[in-house]
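Student: Quick one: structure below, then a few questions.
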Amino acid sequence: MMLRQIVFSVLTVLVLLITGCGSPYVNIPPARGDLATHDPNGKGVCDVTVAAMLAVVDQTPLTGHFQVVLPEGTTDLTYSMVLGRISDMAVASGGGEQVEIVATFEINGIRIRGADAEVDILRPSTGIAPELITVYLTWAPGSDWSVDRLRTWRGNIDRTL
């Protein structure tokens, strides 16, 4: 019985890698002692980030350019690719653009477990502190990441999640 579960798990990971899901196990930021990948520039991470940001931006009334802060270690090339897929109104943090920014969104955490993912995004709120939203996504072979639901967390936000 246990051997069957191990074989099934290994085969699932291989199928995900072969069919293009990208990184099957990701923690950004890294968790202490984990064996996950932590590269914010990977295709799977970028695809999850774009899908999550599109869902959050769609729920947020915006009237101008908005800034997107991607995880530490994100390259300029990845910023360009990701922001281009989100919106023409999205600009990089510290990108030097001379436009008025009406909102800032910060990718605070990304967790990918095979075909399931969670992305934590800090977005502006009507209060003083930013609002934390977790976007839950799933992926199926031959399709893009899709948003299952969004959860808005209440209470004080610890920026070091």
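Each value in this text was obtained by applying a stated rule to the coordinates, not by laboratory testing. Predicted model, so just to flag it, every value in this text is computed and none were measured. Here the Cβ positions follow ideal geometry from the backbone for every residue, glycine too, while neighbour counts run over all protein chains shown.
Student: Among ASP88, ASP144, what is the fewest-to-most ranking by other Cβ atoms within 10 Å?
Tutor: ASP88, ASP144
Student: Work out from phi, with θ = phi - 60° and the Karplus expression 6.51 cos²θ - 1.76 cosθ + 1.60, the ³J(HN,Hα) of each residue of segment 123-137, listed in order in whole Hz, and give x for Gly and Pro.
Tutor: 3J(HN,Hα) across segment 123-137, in whole Hz: 10, x, 10, 6, x, 6, 8, x, 9, 9, 10, 9, 9, 9, 10.
Student: Give, rounded to the nearest 20 debye, the magnitude of the charge dipole that segment 78-136 has about its Cα centre when Lys and Arg contribute +1 at Cβ and Asp and Glu contribute -1 at Cβ.
Tutor: Using only the charged Cβ atoms, the result is roughly 180 debye.
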